[in-house]
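The values are calculated or read from the model by the stated rules, or taken from the named source; none is laboratory data. Keep in mind that what you see is a predicted model, and the values were worked out from it rather than measured. Quick reminder, even Gly has a Cβ in these numbers, built from the backbone with ideal geometry, and neighbours come from all protein chains shown. These accessible areas exclude ligands, DNA and RNA; they are computed on the full protein's heavy atoms, side chains included. Shrake-Rupley method; radii C 1.70, N 1.55, O 1.52, S 1.80 Å.
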Amino acid sequence: MSRIVELHAEGKSKAEIARIIKSENGLTQSDETIRRSISGHLADLPAKDAPDASAIEAFALKHGIDVSSISSYWFNDGSGISVNVKNNKNAGFDWDAVREEMLTTMSDHKREFEPIDYFDGIGIDGHCLVIDPADIHIGKLADSFETGCDYDNQVAVKRVKEGVRGILQKASGFEIEQIVFVGGNDILHIDSPSRKTTSGTAQDTDGMWFRNFMIAKELYIDLIGSLLQMAPVHFVFNPSNHDYTHGFFLADMINTYFSNHNGFTSDADLTHRKYYQYGANLIGTTHGDGAKNQDLPLLMATEAPVMWAGTTHRYIYTHHVHHKMSKDFQGVTLESLRSPSGTDGWHHRNGYQHAPKALEGFVHHPEHGQVARLTHNF
(Lines give C-alpha, C1' and ligand atoms only; values in the text may rest on other atoms or scores of the structure.)
Protein backbone atom coordinates (compact mmCIF):
# COMPACT_ATOMS: atom_id res chain seq x y z
CA MET A 1 0.00 0.00 0.00
CA SER A 2 2.85 2.41 0.81
CA ARG A 3 4.29 1.99 -2.72
CA ILE A 4 0.89 2.75 -4.23
CA VAL A 5 0.59 5.89 -2.10
CA GLU A 6 4.13 6.91 -3.06
CA LEU A 7 3.39 6.60 -6.78
CA HIS A 8 0.07 8.36 -6.31
CA ALA A 9 1.88 11.21 -4.53
CA GLU A 10 4.20 11.51 -7.52
CA GLY A 11 1.16 12.25 -9.67
CA LYS A 12 1.02 8.91 -11.47
CA SER A 13 -2.35 7.87 -12.86
CA LYS A 14 -4.00 4.67 -11.62
CA ALA A 15 -3.26 2.96 -14.95
CA GLU A 16 0.42 3.94 -14.67
CA ILE A 17 0.53 2.76 -11.04
CA ALA A 18 -1.01 -0.56 -12.09
CA ARG A 19 1.65 -1.18 -14.74
CA ILE A 20 4.46 -0.30 -12.30
CA ILE A 21 3.10 -2.47 -9.50
CA LYS A 22 2.59 -5.37 -11.91
CA SER A 23 6.14 -5.08 -13.23
CA GLU A 24 7.81 -4.68 -9.82
CA ASN A 25 5.96 -7.63 -8.25
CA GLY A 26 5.74 -10.00 -11.20
CA LEU A 27 1.94 -10.14 -11.01
CA THR A 28 0.01 -12.24 -13.55
CA GLN A 29 -3.32 -10.43 -13.32
CA SER A 30 -4.40 -8.10 -16.09
CA ASP A 31 -3.60 -4.38 -15.91
CA GLU A 32 -7.31 -3.64 -15.57
CA THR A 33 -7.74 -6.01 -12.62
CA ILE A 34 -4.79 -4.44 -10.81
CA ARG A 35 -6.05 -0.94 -11.65
CA ARG A 36 -9.45 -1.71 -10.07
CA SER A 37 -7.74 -3.00 -6.94
CA ILE A 38 -5.63 0.15 -6.73
CA SER A 39 -8.76 2.27 -7.17
CA GLY A 40 -10.23 0.58 -4.11
CA HIS A 41 -7.11 1.29 -2.05
CA LEU A 42 -7.11 4.92 -3.08
CA ALA A 43 -10.85 5.48 -2.75
CA ASP A 44 -10.56 7.26 0.60
CA LEU A 45 -7.63 9.45 -0.40
CA PRO A 46 -8.05 13.11 -1.36
CA ALA A 47 -8.09 13.68 -5.09
CA LYS A 48 -4.54 13.82 -6.44
CA ASP A 49 -5.06 17.33 -7.71
CA ALA A 50 -6.23 18.60 -4.30
CA PRO A 51 -3.73 21.13 -2.99
CA ASP A 52 -3.04 19.16 0.16
CA ALA A 53 -3.19 15.58 -1.19
CA SER A 54 0.55 15.03 -1.58
CA ALA A 55 1.20 16.60 1.81
CA ILE A 56 -1.24 14.19 3.49
CA GLU A 57 0.37 11.21 1.77
CA ALA A 58 3.84 12.38 2.69
CA PHE A 59 2.76 12.96 6.28
CA ALA A 60 1.29 9.42 6.46
CA LEU A 61 4.45 7.86 5.04
CA LYS A 62 6.68 9.81 7.43
CA HIS A 63 4.75 8.67 10.50
CA GLY A 64 3.95 5.12 9.36
CA ILE A 65 0.20 5.71 9.11
CA ASP A 66 -2.04 3.78 6.72
CA VAL A 67 -3.50 6.55 4.57
CA SER A 68 -6.80 4.68 4.18
CA SER A 69 -7.27 4.89 7.97
CA ILE A 70 -7.29 8.73 7.92
CA SER A 71 -10.94 9.75 8.20
CA SER A 72 -10.39 13.54 8.33
CA TYR A 73 -7.57 16.07 8.49
CA TRP A 74 -6.79 19.70 9.16
CA PHE A 75 -4.28 21.48 6.99
CA ASN A 76 -2.82 24.95 7.43
CA ASP A 77 0.00 26.36 5.30
CA GLY A 78 2.96 26.96 7.53
CA SER A 79 1.36 25.52 10.66
CA GLY A 80 1.57 21.76 9.98
CA ILE A 81 -0.97 18.96 9.58
CA SER A 82 -3.31 17.27 12.04
CA VAL A 83 -5.10 14.02 11.17
CA ASN A 84 -7.87 11.93 12.74
CA VAL A 85 -7.07 8.23 12.32
CA LYS A 86 -9.86 5.62 12.40
CA ASN A 87 -9.35 2.82 14.90
CA ASN A 88 -9.24 -0.60 13.24
CA LYS A 89 -10.84 -2.82 15.86
CA ASN A 90 -9.39 -5.96 14.28
CA ALA A 91 -5.83 -4.67 14.00
CA GLY A 92 -3.45 -7.10 15.62
CA PHE A 93 -6.31 -9.48 16.47
CA ASP A 94 -5.57 -13.07 15.48
CA TRP A 95 -8.91 -14.80 15.00
CA ASP A 96 -7.27 -18.14 14.21
CA ALA A 97 -5.39 -18.04 17.50
CA VAL A 98 -8.57 -17.23 19.41
CA ARG A 99 -10.39 -20.09 17.70
CA GLU A 100 -7.64 -22.54 18.61
CA GLU A 101 -7.70 -21.32 22.19
CA MET A 102 -11.48 -21.82 22.37
CA LEU A 103 -11.24 -25.34 20.96
CA THR A 104 -8.47 -26.22 23.39
CA THR A 105 -10.45 -24.83 26.32
CA MET A 106 -13.56 -26.80 25.34
CA SER A 107 -11.51 -29.97 24.92
CA ASP A 108 -9.84 -29.50 28.30
CA HIS A 109 -13.22 -29.14 30.02
CA LYS A 110 -15.05 -32.07 28.47
CA ARG A 111 -17.02 -34.04 31.02
CA GLU A 112 -15.24 -37.22 32.14
CA PHE A 113 -17.39 -40.31 32.73
CA GLU A 114 -16.59 -43.58 34.43
CA PRO A 115 -16.70 -46.40 31.84
CA ILE A 116 -19.75 -48.66 32.08
CA ASP A 117 -19.53 -52.40 31.42
CA TYR A 118 -22.75 -52.97 29.52
CA PHE A 119 -24.20 -56.48 29.46
CA ASP A 120 -23.22 -58.01 26.12
CA GLY A 121 -26.54 -59.83 25.72
CA ILE A 122 -25.00 -63.22 24.90
CA GLY A 123 -27.72 -65.84 25.25
CA ILE A 124 -30.36 -63.15 25.83
CA ASP A 125 -32.94 -61.96 23.31
CA GLY A 126 -31.88 -58.30 23.19
CA HIS A 127 -33.90 -55.40 21.78
CA CYS A 128 -33.46 -51.79 20.69
CA LEU A 129 -35.70 -49.18 22.35
CA VAL A 130 -36.47 -46.05 20.32
CA ILE A 131 -37.50 -43.13 22.56
CA ASP A 132 -38.82 -40.19 20.59
CA PRO A 133 -40.06 -37.12 22.54
CA ALA A 134 -41.52 -35.37 19.49
CA ASP A 135 -42.31 -31.66 19.15
CA ILE A 136 -41.82 -30.60 22.76
CA HIS A 137 -41.74 -26.87 21.90
CA ILE A 138 -40.03 -25.58 25.03
CA GLY A 139 -40.97 -21.91 25.17
CA LYS A 140 -44.53 -22.39 23.88
CA LEU A 141 -47.27 -20.67 25.86
CA ALA A 142 -50.88 -21.85 25.85
CA ASP A 143 -53.53 -20.44 28.18
CA SER A 144 -56.61 -22.47 29.04
CA PHE A 145 -58.69 -19.26 29.04
CA GLU A 146 -58.14 -19.12 25.26
CA THR A 147 -57.32 -22.65 24.16
CA GLY A 148 -58.79 -24.92 26.82
CA CYS A 149 -55.41 -26.14 28.05
CA ASP A 150 -52.34 -24.74 29.79
CA TYR A 151 -48.82 -25.32 28.49
CA ASP A 152 -45.56 -23.66 29.49
CA ASN A 153 -41.96 -24.63 30.20
CA GLN A 154 -42.78 -26.25 33.53
CA VAL A 155 -45.50 -28.41 31.98
CA ALA A 156 -43.24 -29.30 29.04
CA VAL A 157 -40.38 -30.58 31.20
CA LYS A 158 -42.75 -32.43 33.53
CA ARG A 159 -44.51 -34.18 30.65
CA VAL A 160 -41.33 -35.25 28.91
CA LYS A 161 -39.76 -36.69 32.05
CA GLU A 162 -43.02 -38.42 32.97
CA GLY A 163 -43.40 -39.71 29.43
CA VAL A 164 -39.89 -41.17 29.26
CA ARG A 165 -40.42 -42.89 32.62
CA GLY A 166 -43.70 -44.27 31.28
CA ILE A 167 -42.03 -45.63 28.13
CA LEU A 168 -39.28 -47.27 30.19
CA GLN A 169 -41.85 -48.86 32.49
CA LYS A 170 -43.79 -50.22 29.53
CA ALA A 171 -40.57 -51.56 27.98
CA SER A 172 -39.48 -53.29 31.18
CA GLY A 173 -40.60 -56.67 29.88
CA PHE A 174 -37.97 -56.54 27.13
CA GLU A 175 -34.22 -56.95 27.47
CA ILE A 176 -32.91 -53.60 26.17
CA GLU A 177 -29.39 -53.72 24.78
CA GLN A 178 -29.51 -50.47 22.75
CA ILE A 179 -31.43 -47.18 23.05
CA VAL A 180 -31.99 -44.71 20.21
CA PHE A 181 -32.92 -41.28 21.57
CA VAL A 182 -34.39 -39.00 18.92
CA GLY A 183 -33.78 -35.30 19.59
CA GLY A 184 -34.50 -32.06 17.79
CA ASN A 185 -37.91 -31.94 16.12
CA ASP A 186 -38.89 -28.54 17.52
CA ILE A 187 -37.41 -29.10 20.95
CA LEU A 188 -37.44 -25.27 21.12
CA HIS A 189 -40.41 -23.14 20.13
CA ILE A 190 -38.57 -20.07 18.82
CA ASP A 191 -35.26 -19.32 17.13
CA SER A 192 -34.65 -15.62 17.80
CA PRO A 193 -34.76 -12.97 20.55
CA SER A 194 -37.77 -11.46 18.76
CA ARG A 195 -39.84 -14.54 19.73
CA LYS A 196 -40.12 -15.87 16.20
CA THR A 197 -39.45 -19.17 14.48
CA THR A 198 -36.55 -19.60 12.06
CA SER A 199 -38.66 -18.32 9.17
CA GLY A 200 -39.92 -15.32 11.17
CA THR A 201 -43.36 -16.43 12.36
CA ALA A 202 -44.27 -14.75 15.66
CA GLN A 203 -45.18 -17.09 18.55
CA ASP A 204 -46.83 -16.95 21.95
CA THR A 205 -43.93 -17.67 24.28
CA ASP A 206 -43.07 -18.47 27.87
CA GLY A 207 -39.70 -17.20 29.09
CA MET A 208 -36.67 -15.66 27.39
CA TRP A 209 -35.01 -17.46 24.47
CA PHE A 210 -31.76 -18.08 26.37
CA ARG A 211 -33.60 -19.46 29.41
CA ASN A 212 -35.55 -21.83 27.15
CA PHE A 213 -32.27 -23.02 25.64
CA MET A 214 -30.84 -23.75 29.08
CA ILE A 215 -34.01 -25.62 30.11
CA ALA A 216 -33.82 -27.80 26.98
CA LYS A 217 -30.11 -28.46 27.56
CA GLU A 218 -30.66 -29.59 31.16
CA LEU A 219 -33.61 -31.73 30.09
CA TYR A 220 -31.57 -33.59 27.46
CA ILE A 221 -28.61 -34.02 29.81
CA ASP A 222 -30.87 -35.47 32.51
CA LEU A 223 -32.67 -37.84 30.15
CA ILE A 224 -29.65 -39.11 28.21
CA GLY A 225 -27.55 -39.37 31.37
CA SER A 226 -30.19 -41.58 32.98
CA LEU A 227 -30.65 -43.72 29.86
CA LEU A 228 -26.90 -44.31 29.63
CA GLN A 229 -27.07 -46.07 32.98
CA MET A 230 -29.30 -48.68 31.36
CA ALA A 231 -27.82 -49.26 27.92
CA PRO A 232 -25.71 -47.58 25.22
CA VAL A 233 -27.49 -44.57 23.72
CA HIS A 234 -27.38 -43.44 20.10
CA PHE A 235 -28.44 -39.78 19.92
CA VAL A 236 -30.12 -38.74 16.66
CA PHE A 237 -30.78 -35.07 15.87
CA ASN A 238 -33.50 -34.01 13.41
CA PRO A 239 -33.33 -30.33 12.30
CA SER A 240 -36.73 -28.66 12.41
CA ASN A 241 -38.61 -25.58 11.29
CA HIS A 242 -39.19 -23.80 14.62
CA ASP A 243 -35.56 -23.91 15.83
CA TYR A 244 -33.29 -24.71 12.88
CA THR A 245 -30.29 -22.83 14.31
CA HIS A 246 -30.77 -23.03 18.10
CA GLY A 247 -31.78 -26.68 17.82
CA PHE A 248 -28.51 -27.48 16.07
CA PHE A 249 -26.50 -25.56 18.68
CA LEU A 250 -28.26 -27.57 21.39
CA ALA A 251 -27.59 -30.89 19.65
CA ASP A 252 -23.93 -30.01 19.14
CA MET A 253 -23.62 -29.10 22.82
CA ILE A 254 -25.16 -32.44 23.87
CA ASN A 255 -22.86 -34.24 21.47
CA THR A 256 -19.84 -32.54 23.05
CA TYR A 257 -21.06 -33.05 26.61
CA PHE A 258 -21.33 -36.84 26.30
CA SER A 259 -18.51 -37.38 23.80
CA ASN A 260 -16.26 -38.99 26.42
CA HIS A 261 -18.90 -41.53 27.51
CA ASN A 262 -18.13 -45.05 26.28
CA GLY A 263 -21.84 -45.81 25.74
CA PHE A 264 -22.69 -42.67 23.76
CA THR A 265 -22.78 -42.37 19.97
CA SER A 266 -24.51 -39.72 17.89
CA ASP A 267 -25.65 -38.52 14.50
CA ALA A 268 -26.04 -34.80 15.16
CA ASP A 269 -25.22 -33.00 11.93
CA LEU A 270 -27.65 -30.89 9.88
CA THR A 271 -28.77 -33.56 7.42
CA HIS A 272 -32.56 -33.67 7.43
CA ARG A 273 -32.93 -37.45 7.23
CA LYS A 274 -31.05 -39.76 9.56
CA TYR A 275 -30.65 -43.54 9.33
CA TYR A 276 -29.63 -46.14 11.90
CA GLN A 277 -29.23 -49.90 11.52
CA TYR A 278 -30.01 -52.33 14.30
CA GLY A 279 -29.70 -55.92 13.16
CA ALA A 280 -32.18 -56.42 10.32
CA ASN A 281 -33.85 -53.06 11.14
CA LEU A 282 -33.27 -49.85 9.20
CA ILE A 283 -34.66 -46.99 11.28
CA GLY A 284 -35.06 -43.60 9.60
CA THR A 285 -36.08 -40.34 11.26
CA THR A 286 -36.89 -36.90 9.91
CA HIS A 287 -38.84 -33.91 11.17
CA GLY A 288 -41.45 -34.08 8.44
CA ASP A 289 -41.53 -30.49 7.18
CA GLY A 290 -39.41 -31.20 4.11
CA ALA A 291 -39.65 -34.10 1.67
CA LYS A 292 -43.10 -35.53 1.01
CA ASN A 293 -44.05 -38.72 2.81
CA GLN A 294 -44.42 -40.70 -0.42
CA ASP A 295 -40.85 -39.76 -1.40
CA LEU A 296 -39.22 -40.83 1.89
CA PRO A 297 -38.95 -44.60 1.14
CA LEU A 298 -37.07 -44.05 -2.12
CA LEU A 299 -34.90 -41.40 -0.45
CA MET A 300 -34.06 -43.95 2.24
CA ALA A 301 -33.01 -46.52 -0.36
CA THR A 302 -30.94 -43.91 -2.21
CA GLU A 303 -29.31 -42.25 0.79
CA ALA A 304 -28.60 -45.41 2.82
CA PRO A 305 -28.08 -48.11 0.15
CA VAL A 306 -25.74 -50.30 2.22
CA MET A 307 -28.10 -50.30 5.21
CA TRP A 308 -31.05 -50.88 2.90
CA ALA A 309 -29.38 -53.93 1.36
CA GLY A 310 -28.53 -55.34 4.78
CA THR A 311 -32.01 -55.09 6.29
CA THR A 312 -35.48 -56.56 5.85
CA HIS A 313 -37.49 -54.39 8.29
CA ARG A 314 -37.49 -50.67 7.49
CA TYR A 315 -39.22 -47.83 9.33
CA ILE A 316 -39.36 -44.05 9.05
CA TYR A 317 -40.53 -42.02 12.06
CA THR A 318 -41.70 -38.48 11.26
CA HIS A 319 -42.88 -35.60 13.41
CA HIS A 320 -44.11 -32.02 12.84
CA VAL A 321 -47.86 -32.72 12.49
CA HIS A 322 -48.46 -33.60 16.19
CA HIS A 323 -50.81 -36.48 15.39
CA LYS A 324 -50.71 -40.14 14.46
CA MET A 325 -50.50 -41.34 10.88
CA SER A 326 -49.20 -44.73 9.73
CA LYS A 327 -48.83 -46.19 6.25
CA ASP A 328 -47.07 -49.15 4.68
CA PHE A 329 -45.12 -48.45 1.50
CA GLN A 330 -43.16 -50.92 -0.60
CA GLY A 331 -40.64 -52.24 1.91
CA VAL A 332 -41.04 -49.35 4.37
CA THR A 333 -43.46 -48.49 7.17
CA LEU A 334 -43.88 -44.75 7.74
CA GLU A 335 -45.32 -43.43 10.99
CA SER A 336 -45.82 -39.90 12.37
CA LEU A 337 -45.65 -39.34 16.12
CA ARG A 338 -47.90 -37.60 18.59
CA SER A 339 -46.63 -34.66 20.63
CA PRO A 340 -46.86 -33.93 24.37
CA SER A 341 -47.11 -30.17 23.75
CA GLY A 342 -50.25 -28.15 24.33
CA THR A 343 -52.37 -26.21 21.83
CA ASP A 344 -51.46 -22.54 21.39
CA GLY A 345 -53.72 -19.73 20.16
CA TRP A 346 -53.00 -20.13 16.43
CA HIS A 347 -53.71 -23.87 16.40
CA HIS A 348 -56.85 -23.36 18.48
CA ARG A 349 -58.21 -20.69 16.13
CA ASN A 350 -57.66 -22.97 13.14
CA GLY A 351 -59.07 -26.05 14.86
CA TYR A 352 -55.79 -27.99 14.88
CA GLN A 353 -56.26 -29.62 18.25
CA HIS A 354 -57.86 -32.50 20.14
CA ALA A 355 -55.34 -35.07 18.92
CA PRO A 356 -54.12 -37.15 21.88
CA LYS A 357 -51.15 -35.63 23.73
CA ALA A 358 -48.59 -38.38 24.10
CA LEU A 359 -44.96 -39.43 24.08
CA GLU A 360 -44.13 -42.54 22.08
CA GLY A 361 -41.47 -45.23 21.86
CA PHE A 362 -40.87 -48.40 19.86
CA VAL A 363 -39.21 -51.74 20.58
CA HIS A 364 -37.27 -53.43 17.78
CA HIS A 365 -36.09 -57.02 17.75
CA PRO A 366 -32.82 -57.51 15.81
CA GLU A 367 -34.37 -60.17 13.57
CA HIS A 368 -38.14 -59.67 13.73
CA GLY A 369 -38.37 -55.88 13.42
CA GLN A 370 -40.71 -53.61 15.38
CA VAL A 371 -42.40 -55.81 17.97
CA ALA A 372 -44.03 -53.18 20.22
CA ARG A 373 -45.38 -49.63 20.13
CA LEU A 374 -45.34 -47.86 23.45
CA THR A 375 -47.49 -44.83 24.23
CA HIS A 376 -47.65 -42.67 27.32
CA ASN A 377 -50.73 -40.45 27.19
CA PHE A 378 -51.23 -37.19 29.08
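Out of everything in segment 255-270 that is of a type in the set (Phe, Trp, Tyr) and in contact (Cβ under 8 Å) with a residue 60 or more places away in the chain, what residue ends up being surrounded by the most Cβ atoms within 10 Å (Cβ to Cβ)? Steps first, answer last, please.
Going residue by residue through segment 255-270, those that are of a type in the set (Phe, Trp, Tyr) are 257-258, 264.
After this cut, where a residue has to be in contact (Cβ under 8 Å) with a residue 60 or more places away in the chain as well, the list is 257-258.
Values: Tyr257: 18, Phe258: 22.
Out of the qualifying residues, it is Phe258.
For segment 116-128, which positions are assigned to a loop (DSSP other than H, G, I, E, B), open to solvent by less than 100 Å² (accessible area, probe 1.4 Å) and at pLDDT 85 or above?
Answer for segment 116-128, where residues must be assigned to a loop (DSSP other than H, G, I, E, B), open to solvent by less than 100 Å² (accessible area, probe 1.4 Å) and at pLDDT 85 or above: Ile116, Tyr118, Asp125.
Given the structure, is Ala251 closer than 30 Å to Thr201 by Cβ and either out of contact with any helix residue (DSSP H, G or I) (no Cβ under 7 Å at 6 or more places or on another chain) or assigned to a strand (DSSP E or B) (or both)?
On the way: closer than 30 Å to Thr201 by Cβ: yes; either out of contact with any helix residue (DSSP H, G or I) (no Cβ under 7 Å at 6 or more places or on another chain) or assigned to a strand (DSSP E or B) (or both): yes.
Judged against the criteria, Ala251 is a match.
Name the pairs whose Cβ atoms lie under 6 Å apart, with the first residue in segment 189-211 and part of a strand (DSSP E or B), the second among the charged types (D, E, K, R), and 6 or more positions between them or separate chains?
These pairs meet every condition: Ala202/Lys196; Thr205/Arg195.
Going through segment 19-36 one residue at a time, which ones are small (Gly, Ala, Ser) and open to solvent by 90 Å² or more (accessible area, probe 1.4 Å)?
Here is the first cut: in segment 19-36, the ones small (Gly, Ala, Ser) are 23, 26, 30.
If the condition is that a residue be small (Gly, Ala, Ser) and open to solvent by 90 Å² or more (accessible area, probe 1.4 Å), then Ser23 is the only one that fits.
So Asn238 passes all but one of these: (1) within 19 Å of Tyr317 (Cα to Cα); (2) open to solvent by 10 Å² or more (accessible area, probe 1.4 Å); (3) touching a helix residue (DSSP H, G or I) at 6+ places or on another chain (Cβ under 9 Å); (4) not hydrophobic (A, V, I, L, M, F, W, C). Which condition number does it fail?
(2)
Of the conditions (1) open to solvent by less than 70 Å² (accessible area, probe 1.4 Å); (2) outside any helix (DSSP H, G or I), Gly225 fails just one. Which one is it?
(2)
Tell me the residue from Thr205, Thr198 that is within 22 Å of the chain's Cα centre (by Cα) and crowded, with 19+ Cβ neighbours inside 10 Å, please.
Values: Thr198 fails: crowded, with 19+ Cβ neighbours inside 10 Å.
Exactly one of Thr205, Thr198 is within 22 Å of the chain's Cα centre (by Cα) and crowded, with 19+ Cβ neighbours inside 10 Å, namely Thr205.
For segment 271-291: of the residues being open to solvent by 50 Å² or more (accessible area, probe 1.4 Å) and among the charged types (D, E, K, R), which is nearest to the chain's Cα centre (by Cα)?
Top of the filtered list is Arg273.
Taking the options Arg314, Arg338, name whichever one is without any contact (Cβ under 8 Å) to a residue 60 or more places away in the chain and open to solvent by 20 Å² or more (accessible area, probe 1.4 Å). Before you say what the answer is, go through the steps one by one.
Details: Arg338 fails: without any contact (Cβ under 8 Å) to a residue 60 or more places away in the chain.
Selected residue: Arg314, the only one of Arg314, Arg338 that is without any contact (Cβ under 8 Å) to a residue 60 or more places away in the chain and open to solvent by 20 Å² or more (accessible area, probe 1.4 Å).
Only one residue in Glu146, Glu100, Glu162 is at pLDDT 95 or above, in a helix (DSSP H, G or I), of a type outside the set (Ser, Thr, Tyr) and open to solvent by 30 Å² or more (accessible area, probe 1.4 Å). Which one? Give the steps one after another, and end with the answer.
Details: Glu146 fails: at pLDDT 95 or above; Glu100 fails: at pLDDT 95 or above.
Going through Glu146, Glu100, Glu162 in turn, the sole match is Glu162.
When you look at Glu360, is it over 28 Å from the mean Cα position of the chain (by Cα) and among the acidic types (Asp, Glu), yes or no?
It is false that Glu360 is over 28 Å from the mean Cα position of the chain (by Cα) and among the acidic types (Asp, Glu).
Residue pairs, Cβ under 7 Å, 6 or more apart or interchain, first in segment 161-181 and more than 15 Å from Cys128 (Cβ to Cβ) and among the hydrophobic types (A, V, I, L, M, F, W, C), second open to solvent by 10 Å² or more (accessible area, probe 1.4 Å) and modelled with pLDDT of 95 or more. List them.
Here the result reads Val164/Leu223, each pair linking segment 161-181 to a residue that is open to solvent by 10 Å² or more (accessible area, probe 1.4 Å) and modelled with pLDDT of 95 or more.
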